[in-house]
Amino acid sequence: MDFFSQSGHWYIRNASGKIEAAHDLDLRGARKVNARPSITTVLKERANPALDKWKQGILFQTMLDNPRYNNEELENYEGRIARLCSKPASDAADFGKELHGELDRYPKPCTNEKFKPYMDLFGPSYESVVKNRVGSEVMLCDDDIGIAGTTDLIAETHEWGLAIIDYKTSRFKGKPPSFWTSYRLQLAFYAKAYQKANGLSETPAIVNCGINSEEPTEPVWKAYTRAEQDQAYAEFLAVAFLWFCSKKYWPMGDKERWIMHAQVNGKLISS
């Protein structure tokens, strides 16, 4: 039983050729409409030790706090623990989604009073980093590899020039935030897709913005080096190839086009 299961996200191209989100699809449904998996769906194929450790901690604490009832069937107990375990992840996702909404609307006034302390700290930090907003909640699709996704922010920045920025919420009170490896793989995909869609000579910079979900604190901005970005894109291609092979699904038509793209763009930077 998967106590932390999450549905996949998909995208399709509509009749006008524009990419749009397609909810409530499984792999069988995706095949019928040639849907592209989201970058987050694909990256679930990659091991994430930090996330696994968090899940194990939630499961352990939940079982300690909720022992099995006398005469409770094991199957019923498993179901009860699964429901209880899913709540922290669900609560964190809801918090992140609501806060993302406020971040995307900035500099418009905060619409939810509980997020005002966060936005009061976010505003000055944002202004010190961002020179000009290019777009927010931008859908990107790379048809050469059949993957799509939505990035939080594209902006001209004071320090890094044109940048793809993604917000990440986590608890990091009194310590630096943990920026998981999967974050930069996700950003590297966005940057390459944006470069190709706009005919740029080079990929934009990639930046994470860490928001403390435990209490309002100043955001932490993490810009990755070009070497880290190139490494991340190469790793992303490896993970994506594994995903497509395991699913036997190639929405761009066949794997030859995919492999050709990877050979041209997946320049692995040795450590």
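The values are calculated or read from the model by the stated rules, or taken from the named source; none is laboratory data. The model shown is predicted, which means the values in this text are computed figures rather than measured ones. All Cβ positions, even for glycine, are placed from backbone atoms using ideal geometry, and neighbour counts span all protein chains on display. For the accessible areas, the whole protein counts, side chains as well, though only heavy atoms, and no ligand, DNA or RNA atoms are used. Shrake-Rupley method; radii C 1.70, N 1.55, O 1.52, S 1.80 Å.
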Original post:
How many residues, within the stretch 145-163, are in contact (Cβ under 8 Å) with a residue 40 or more places away in the chain and either open to solvent by 20 Å² or more (accessible area, probe 1.4 Å) or within 17 Å of V220 (Cβ to Cβ) (or both)?
Top reply: 9
Original post:
In the stretch 69-83, is there at least one residue being among the small types (G, A, S) and either modelled with pLDDT of 90 or more or in contact with a helix residue (DSSP H, G or I) (Cβ under 8 Å, 6 or more places away or on another chain) (or both)?
Top reply: no
Original post:
Within the stretch 86-117, restricting attention to residues that are closer than 18 Å to A163 by Cα and free of Cβ contacts under 8 Å to residues at least 60 places away in the same chain, which residue is surrounded by the most Cβ atoms within 10 Å (Cβ to Cβ)?
Top reply: Y106
Subject >> Subset of the stretch 171-223 [more than 16 Å from V129 (Cβ to Cβ), among the small types (G, A, S) and crowded, with 17+ Cβ neighbours inside 10 Å] >> reply: S182, A188, A191, A193, S213
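Give the residue, chosen from D120, D142, that is surrounded by 13 or more Cβ atoms within 10 Å (Cβ to Cβ) and modelled with pLDDT of 90 or more. Spell out how you get there, then give the answer.
Working: D120 fails: surrounded by 13 or more Cβ atoms within 10 Å (Cβ to Cβ).
When all the criteria are applied, what remains is D142.
On the given criteria, is E235 of a type in the set (D, E), modelled with pLDDT of 90 or more, farther than 22 Å from W10 by Cα and not in a strand (DSSP E or B)?
Details: of a type in the set (D, E): yes; modelled with pLDDT of 90 or more: yes; farther than 22 Å from W10 by Cα: no; not in a strand (DSSP E or B): yes.
Spelling it out, it is not the case that E235 is of a type in the set (D, E), modelled with pLDDT of 90 or more, farther than 22 Å from W10 by Cα and not in a strand (DSSP E or B).
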Original post:
For N71, which of the numbered conditions (1) polar (S, T, N, Q); (2) out of contact with any Pro (no Cβ under 8 Å at 6 or more places or on another chain); (3) open to solvent by less than 70 Å² (accessible area, probe 1.4 Å) fails to hold?
Top reply: (3)
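Taking the conditions exactly as written (at pLDDT 85 or above, more than 24 Å from the chain's Cα centre (by Cα) and not acidic (D, E)), does N14 satisfy them or not? I'd like the intermediate steps shown before the answer.
Values: at pLDDT 85 or above: yes; more than 24 Å from the chain's Cα centre (by Cα): no; not acidic (D, E): yes.
Taking the combined requirement at face value, the residue does not satisfy it.
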Original post:
Can you tell me how many residues in the stretch 224-254 are open to solvent by less than 50 Å² (accessible area, probe 1.4 Å) and of a type in the set (S, T, Y)?
Top reply: 3
